[in-house]
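The values are calculated or read from the model by the stated rules, or taken from the named source; none is laboratory data. Being a predicted model, the structure only gives us computed values, none of them experimental. Glycine gets a Cβ as well: all are built from the backbone with ideal geometry, and neighbour counts include every protein chain shown. What goes into the accessible areas is simple: the full protein's heavy atoms, side chains included, and nothing from ligands, DNA or RNA. Shrake-Rupley method; radii C 1.70, N 1.55, O 1.52, S 1.80 Å.
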Amino acid sequence: MARGLFITFEGGEGSGKSTQVARLAERLRHGGIETVVTREPGGTPLGESVRALVLDSSPEPVTELLLFAAARAEHVGKLIRPALDHGTWVVCDRFIDSTRVYQGLLGGVPRDLIGAIESHSVAPTVPDLTFVMDLPAEVGLKRAEARGALSRFDAQSTDYHRRLREGFREIARAEPARCLLINADRDPDTIAGEIWRTVSERFLVKAP
Ligand SMILES: Nc1ncnc2c1ncn2[C@@H]1O[C@H](COP(=O)(O)OP(=O)(O)O)[C@@H](O)[C@H]1O
Ligand SMILES: [Mg+2]
């Protein structure tokens, strides 16, 4: 049986990740592809407990890194890898790039520590494709505000959100084979159309 494909969505708050995760999963299922939707932190009972723990408090960046890493190891081992092995596609809202940007670039946790943990908790289950939702900081914040209560991450300064955006853009530049930068400052249908075209062309259209 063919292995399933692993697709992740990354980007700041309000960039439209959850919206596009749902849209892509709907199209895949409509096309007869068995698809699991999941998110980080979360995805397993342990992961959801970590999510509640971390989002409700303000741990040190390294504490956050280790808790997220523990949740991710469970997520990959118990849900993502078994699903992919079974031929199911997995669409995940945030994954390794959020750790690299939030705990690494913005939290100051050294890159080599993040890399070492990744290589034990994730590898070889690296995403086949990552959509990096790119949006001016102000637009994302306005959307997140309009959606309701701001999380601890949303409530940071505009400068923080600008650095966040730059961090995600840098990852997309550094890993062009895996990552695709998506202009998220467009209407949801246009964005969903581009995402679907990309997925179809890369993975679904057979070469003649
Ligand atoms: N392309 C878009 N244009 C305008 N508003 C959007 C767009 N995509 C999502 N939204 C709205 O913005 C808010 C944040 O979207 P969401 O998908 O939850 O973002 P994220 O998961 O990245 O935080 C929601 O209220 C959503 O309906
Ligand atoms: Mg979301």
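For an R0 of 22 angstrom, estimate the FRET efficiency from the Cβ-Cβ distance between Glu166 and Leu55 and round to the nearest 0.05. Display every interim value, and only then the final one.
On the way: r = 24 Å, r/R0 = 1.07.
Using R0 = 22 Å, I get an efficiency of 0.40.
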query = Bin by bin, in steps of 5 Å, what percent of the Cα pairs in the stretch 1-113 do you find, going until the bin that has the longest distance?
reply = 2, 12, 20, 22, 21, 13, 7, 3, 1
query = Which lysines have a Cα lying under 22 Å from the Cα of Lys17, excluding residues fewer than 8 positions away in the same chain?
reply = Lys142
message = To the nearest 20 Debye, how big is the dipole of the chain about its Cα centre, given +1 on the beta carbon of each Lys and Arg and -1 on that of each Asp and Glu?
response = 400
query = If you take the charge dipole of the stretch 1-73 about its Cα centre, with +1 on Lys and Arg Cβ and -1 on Asp and Glu Cβ, which of Ser57, Phe9, Gly47 is farthest toward its positive end?
reply = Phe9
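Which FRET efficiency value, to the nearest 0.05, is calculated for Val126 and Glu26 with the Förster distance at 30 angstrom and r the Cβ-Cβ distance? Before the final figure, lay out each step's value.
Working: r = 25 Å, r/R0 = 0.83.
After rounding to 0.05, the efficiency reads 0.75.
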Carbon + sulfur, % of accessible area of the chain - ligands and nucleic acids excluded, 1.4 Å = 56
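Could you state the accessible area per residue of the stretch 41-120 in Å², with a 1.4 Å probe and every protein chain left in place?
Using a 1.4 Å probe on heavy atoms only, each residue of the stretch 41-120 averages 44 Å².
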remark   = Taking a ≥ b ≥ c as the square roots of the Cα gyration tensor eigenvalues, with a/c under 1.5 meaning rounded and otherwise prolate when a/b beats b/c or oblate if not, the stretch 129-197 comes out oblate
note = Put Ser98, Ser151 in order of accessible area, largest first, probe 1.4 Å, and you get Ser151, Ser98
inquiry  = How big is the stretch 84-172 along each principal axis, measuring the range of its Cα positions in Å and listing the largest first?
reply    = 40, 32, 22
ask   = Using a 1.4 Å probe, how large is the accessible area of Thr8, given in Å² and rounded to the nearest 10?
value = 0
ask   = For the residue pair Arg3 and Ala146, what label-to-label distance in nm results when each label sits 7 Å from Cα along the Cα-to-beta-carbon direction?
value = 4.0
ask   = Using a ≥ b ≥ c from the Cα gyration tensor of the chain (square roots of the eigenvalues), is it rounded, prolate or oblate, where a/c under 1.5 gives rounded and otherwise the larger of a/b and b/c decides, a/b for prolate?
value = oblate
message = Given the -39500 (n - 2.57) contribution per DSSP H run of 4+ residues, what per-residue ellipticity at 222 nm results for the chain, rounded to the nearest 500 deg cm²/dmol?
response = -14000 deg cm²/dmol
